[in-house]
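Engineer: So that we are looking at the same thing, I have put the structure below in structure tokens.
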Amino acid sequence: MKILVIGQGGREHALAWKLSQSKKSKIVFVAPGNGGTSTEEKCVNVSINVNDFSGIKKFIIEEKIDLVVIGPEDPLVNGLVDYLEDLNILVFGPCSNGARLEGSKIFSKKFLFENDIPTGKASFFSDPESAYSFLDNCEYPIVLKADGLAAGKGVLVSKNSKEAKEWVDSVMNNSLFGVAGENILIEECLYGTELSFMGIMTPSEFIPFETSVDYKPLFDGNMGPNTGGMGCISPSPFMNDVLREKIMKKVVQPTIDGLNNMDVSYYGFMYFGLMVKDDNPKVLEFNCRLGDPETQCLMMQMDSDLVECLEDALDNRKVSISWKQGSSMGVVIASSGYPEKYRTNIPIEIGNLDELKLFHAGTNIAENELLTSGGRVFSLNYHASNLEDCVSYIYNKIDEIKFDGTIYRTDIGKIYES
Ligand code: AMP
Ligand code: GLY
């Protein structure tokens, strides 16, 4: 099969790597890919932007692609799957109606309310004045969210009204997130332990992936600003059978039913961002894609042939996924200044990593030199029979990756109950 992966991050490197290992795949194109995907066996980078829909379609037709797998949320929310509908090929990803669950936080909150899915209380605002008066009378901390896509930066957990009002001012009056912040939600703060629950969703079933924990804060001890994720372990030590059953019954099934009731035929990855307290899950967010850096860890942990799983889902056959015993872990290596301003085009040197797997996230190759091109540059991953071995193997080798201004957490693998 000829496969095309859309995207350029660590998630897409991991997906392309896993898809390329399938006995069914002949070649895996990655558009646009990164410095890591270009060196993977069977993988070839194609210089097409993820939102260049006509360029993508032309390439699919010319190369006679059999299966397209879309990594990031942007092209999904912007309707890439709808745009490719008339091509008679397999496209894995939800249409724009399904991707709205991520594309609009107000839409998704209303969906949660209407389908009785447990979530935090929230109010919606389209003008700053009414948001200010709400913020004068609410309990703190409170959570503020821009309605639209804001590259993972559209959420503030605020401790006081001054900070909250400043956020409203910069988002609604000064367009910090452009049109994505024209409308906002103000949401009850939830407490507990966060859980990333993701898998493959079709109109008839949800096949969960192994669980994982994303280490979101920048610094050790889960301190500092939120990031896209600084590391991951799988499986999550917080999962148990009671909780799994509750998630499937109270969150997953009503989501499938709710989408079907809206005539949305959802075929794609689905990621439920959950807050869990006393084994009771509440939905923080839906993502119509897989997480990053969770995917890197999960692809290390997956035993099944991913191409077969995706084909089965798209052809409405029962999907079954098997997982390895033991644990997987990944540590993100970022560039100093991330998640705010960071430099790019910094030369990188990679030493001997033995059997560890390095997924690239923000790299490219220019004139045969590997350079940084993003804030999160790599994640270094390993699978072992236990988490302690992952910790020692990864941290033993992490300094083999050298560029000016590397930052990483030194406590990935440690379990924090929040
Ligand atoms: P979201 O994009 O909605 O998942 O928000 C990003 C992050 O903000 C989440 O992963 C949580 O860490 C935090 N967050 C979002 N909503 C809430 C909430 N209602 N209560 C507490 N933390 C939240
Ligand atoms: N790691 C969190 C996310 O991908 O949204």
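The values are calculated or read from the model by the stated rules, or taken from the named source; none is laboratory data. Note that the structure is a prediction, hence the values are computed from the model and not measured. All Cβ positions, even for glycine, are placed from backbone atoms using ideal geometry, and neighbour counts span all protein chains on display. For the accessible areas, the whole protein counts, side chains as well, though only heavy atoms, and no ligand, DNA or RNA atoms are used. Shrake-Rupley method; radii C 1.70, N 1.55, O 1.52, S 1.80 Å.
Engineer: Does Gln325 satisfy the criteria of being within 16 Å of ligand 2 (Cβ to nearest atom), over 26 Å from Ser96 (Cβ atoms), at pLDDT 95 or above and not in a strand (DSSP E or B)?
Structural biologist: no
To keep it simple, each residue is scored yes or no on (1) more than 16 Å from ligand 1 (Cβ to nearest atom); (2) touching a strand residue (DSSP E or B) at 6+ places or on another chain (Cβ under 6 Å).
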{"site": "Ser158", "(1), (2)": "no, yes"}
{"site": "Ala164", "(1), (2)": "no, yes"}
{"site": "Asn174", "(1), (2)": "yes, no"}
{"site": "Val179", "(1), (2)": "yes, no"}
{"site": "Glu187", "(1), (2)": "no, yes"}
{"site": "Thr193", "(1), (2)": "no, yes"}
{"site": "Gly199", "(1), (2)": "yes, yes"}
{"site": "Glu210", "(1), (2)": "yes, yes"}
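Engineer: Given the structure, is Gly98 outside any loop (DSSP other than H, G, I, E, B) and either small (Gly, Ala, Ser) or buried (at least 17 other Cβ atoms within 10 Å of the Cβ) (or both)? Write out each step before concluding.
Structural biologist: Numbers: outside any loop (DSSP other than H, G, I, E, B): yes; either small (Gly, Ala, Ser) or buried (at least 17 other Cβ atoms within 10 Å of the Cβ) (or both): yes.
For Gly98, the condition - outside any loop (DSSP other than H, G, I, E, B) and either small (Gly, Ala, Ser) or buried (at least 17 other Cβ atoms within 10 Å of the Cβ) (or both) - is met.
Engineer: Select, from Leu149, Leu190, Leu135, the only residue that is within 16 Å of ligand 2 (Cβ to nearest atom) and either farther than 25 Å from Glu417 by Cβ or among the aliphatic types (A, V, I, L, M) (or both).
Structural biologist: Matching residue, one of Leu149, Leu190, Leu135: Leu149.
Engineer: Considering every residue within segment 73-86, establish whether at least one is open to solvent by 20 Å² or more (accessible area, probe 1.4 Å), hydroxyl-bearing (Ser, Thr, Tyr) and within 28 Å of Gly148 (Cα to Cα).
Structural biologist: Yes, segment 73-86 contains at least one residue that is open to solvent by 20 Å² or more (accessible area, probe 1.4 Å), hydroxyl-bearing (Ser, Thr, Tyr) and within 28 Å of Gly148 (Cα to Cα).
Engineer: So, in segment 170-190, how many residues would count as being free of Cβ contacts under 8 Å to residues at least 60 places away in the same chain and open to solvent by less than 60 Å² (accessible area, probe 1.4 Å)?
Structural biologist: Start the filter on segment 170-190 by keeping residues that are free of Cβ contacts under 8 Å to residues at least 60 places away in the same chain, which leaves 170-182.
Checking the rest, the ones that are also open to solvent by less than 60 Å² (accessible area, probe 1.4 Å) come to 170-172, 177-178, 180-181.
Here the count works out to 7.
Engineer: Filter segment 116-140 for residues that are in a loop (DSSP other than H, G, I, E, B), open to solvent by 40 Å² or more (accessible area, probe 1.4 Å) and not acidic (Asp, Glu) and give the result. I'd like the intermediate steps shown before the answer.
Structural biologist: Just the residues of segment 116-140 that are in a loop (DSSP other than H, G, I, E, B), to begin with: 116-118, 120-121, 126-127, 137-140.
Narrowing the set further to residues that are open to solvent by 40 Å² or more (accessible area, probe 1.4 Å) leaves 116, 121, 126-127, 137, 139-140.
Of everything in segment 116-140, those that are in a loop (DSSP other than H, G, I, E, B), open to solvent by 40 Å² or more (accessible area, probe 1.4 Å) and not acidic (Asp, Glu) turn out to be Lys121, Ser126, Asn137, Tyr140.
Engineer: Are there any pairs with C-beta distances below 6 angstrom linking a residue in segment 83-106 that is of a type in the set (Lys, Arg) to a residue that is surrounded by fewer than 19 Cβ atoms within 10 Å (Cβ to Cβ), with the two at least 6 apart or on different chains, and if so which?
Structural biologist: So the pair list comes out as Arg100/Phe107.
Engineer: Now a separate question. For segment 287-315, how many residues meet the condition of being among the aliphatic types (A, V, I, L, M), within 12 Å of the chain's Cα centre (by Cα) and more than 16 Å from ligand 1 (Cβ to nearest atom)?
Structural biologist: We begin by selecting, within segment 287-315, every residue among the aliphatic types (A, V, I, L, M); these are 290, 298-300, 302, 306-307, 310, 313-314.
Now drop any that are not within 12 Å of the chain's Cα centre (by Cα), which leaves 290, 298.
From the residues that got through so far, the ones that are more than 16 Å from ligand 1 (Cβ to nearest atom) too are 298.
Here the count works out to 1.
Engineer: Another question about this same structure. Filter segment 103-113 for residues that are touching a helix residue (DSSP H, G or I) at 6+ places or on another chain (Cβ under 7 Å) and within 18 Å of Asn261 (Cα to Cα); which is surrounded by the most Cβ atoms within 10 Å (Cβ to Cβ)? Full working, then the answer.
Structural biologist: So in segment 103-113, the residues touching a helix residue (DSSP H, G or I) at 6+ places or on another chain (Cβ under 7 Å) come out as 103, 107-108, 111.
Next, from what is left, pick out any that are within 18 Å of Asn261 (Cα to Cα): 107-108, 111.
Details: Phe107: 16, Ser108: 23, Phe111: 21.
The qualifying residue surrounded by the most Cβ atoms within 10 Å (Cβ to Cβ) is Ser108.
Engineer: Could you pull out every one of the strands (runs of 3 or more DSSP E) wholly within segment 203-311 that has 1 or more residues that are more than 29 Å from Ile65 (Cβ to Cβ), at pLDDT 95 or above and open to solvent by less than 30 Å² (accessible area, probe 1.4 Å)? I'd like the intermediate steps shown before the answer.
Structural biologist: Details: elements: 206-208, 217-219, 223-226, 231-234, 268-277, 280-287.
Those strands (runs of 3 or more DSSP E) span 217-219, 231-234, 268-277, 280-287.
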